[in-house]
Amino acid sequence: MGASTSKVSCDAPPPLPAPGTTLEIPDMELSSSPPPPPAEGSPESPPPAEPSSTPSPEAITNPGPYEAATMPSKRITSVDTFSGFKCDIQKQLSPYMVAIHSFHLGTSLPNGQNKNYMFITQVADEEGLFMANFDPIGKSINGRIHRALLGGLAMGKIQCAVSGGEEGGQGDQLLAEVDFGGMTWSGNLKYGSMGGGLVYGMNYYQSITKNLALGGEGMYIAANGNMLSSYTCKYECEAPAAEDASGTKTLEKPSSWFCAQLNPAQGMLNLGYKRVVTPNRVTLGADLSMTPDLQSTVTLGAEFNLSRSRFACAVDGEGKIQSNLETALGMAPGSPKLNFSAEVDYQKDSMVFGYGLNIG
């Protein structure tokens, strides 16, 4: 069964990892009188440059969190597929709080049953958010807290998972993180407990130029005594200037993106590529994973965004095809959305279909 994600969900804390300010410019009083004329015989001085609040296109910016370095291609090649029927009912209780009821009926659900229900709630404001996910059938509670620290210079995160039933608390997890960074770099520190042992980790991500970024991550898992590490290189190509509906030329997002990530512990090299063919319309992606024994897996994906619908599809080297179609049932914002999902694996002679409804 392919990866399944809810429209609005609270993800559980990740399992054991695989190897792998705006500046306020004070107002300046400008004189309304014209400058004096240049002296005769002297070269005319160029007029002073007008102040601008937009950054220079040549400026080096923050590369974002290290964990999201490979997401541009993964988002295209990892299609959300599921079996059976899904229904997410969302209710806005206040400007800051939302509650979601998620129902899922099928024959091959991740929990081994043919039905599942989750209650999800989220409270968010300018300083952060609180999220909780309660699964009465699986007897588990997952929570997440994000809060700004040091006046917004850092972000603190706490993730926890408590499970019951047959596991008897063996899958309980608690992880605390601190995200921080500067104009051209970002970093993260981790500390917590996973699998019955402590976890220590950190990563660093640095923009070298406006197109190139390099970073690395290290983590120690006390439960199995493993020291994991990964190294990432990302390169972005600028998109050509384009015109919007009003005819004004705008600079779109990077038209192509490439990322390479090395996990020395497993000896695995992951390569990702994304190409924006038509901004906000057609996007292509590819992922390639290689190991020292010359085994490799490749996945190709495409995403098409129309005025009221989105279609995504992916196919891997083993012949598995995944597709997902999402369409809005109305023109007004917040209209219900209908979702159709399909997965066909020719090598395993398996076919999975599903449809869903999102009301909110």
Run through every distinct alpha carbon pair of the stretch 273-320 and return the Kirkwood hydrodynamic radius in angstroms, one decimal place. 12.0 Å
Quick one: Debye curve from the C-alpha atoms of the stretch 126-210, no solvent, what's log10 I(q)/I(0) at q = 0.13, 0.22, 0.24, 0.25 Å⁻¹? -0.54, -1.05, -1.13, -1.17
Packing rank of 294-302, 116-124, where each peptide gets the mean count of other beta carbons within 10 Å, highest leading: 116-124, 294-302
Give me the extension gain from Val298 to Ala148: residue separation times 0.36 nm, minus the current Cα-Cα distance, reported in nm with one decimal. 50.1 nm
Would you kindly work out the equivalent ellipsoid of the stretch 66-359 from its C-alpha gyration tensor and give its semi-axes, the square roots of five times the eigenvalues, largest first in whole Å? 29, 29, 24
Percent of Cα-Cα pairs more than 15 Å apart in the stretch 311-350, please. 52 percent
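Each value in this text was obtained by applying a stated rule to the coordinates, not by laboratory testing. Model, not experiment: these values are computed from the prediction. Please note: Cβ atoms are built from the backbone with ideal geometry, for glycine as well, and neighbour counts cover all protein chains shown.
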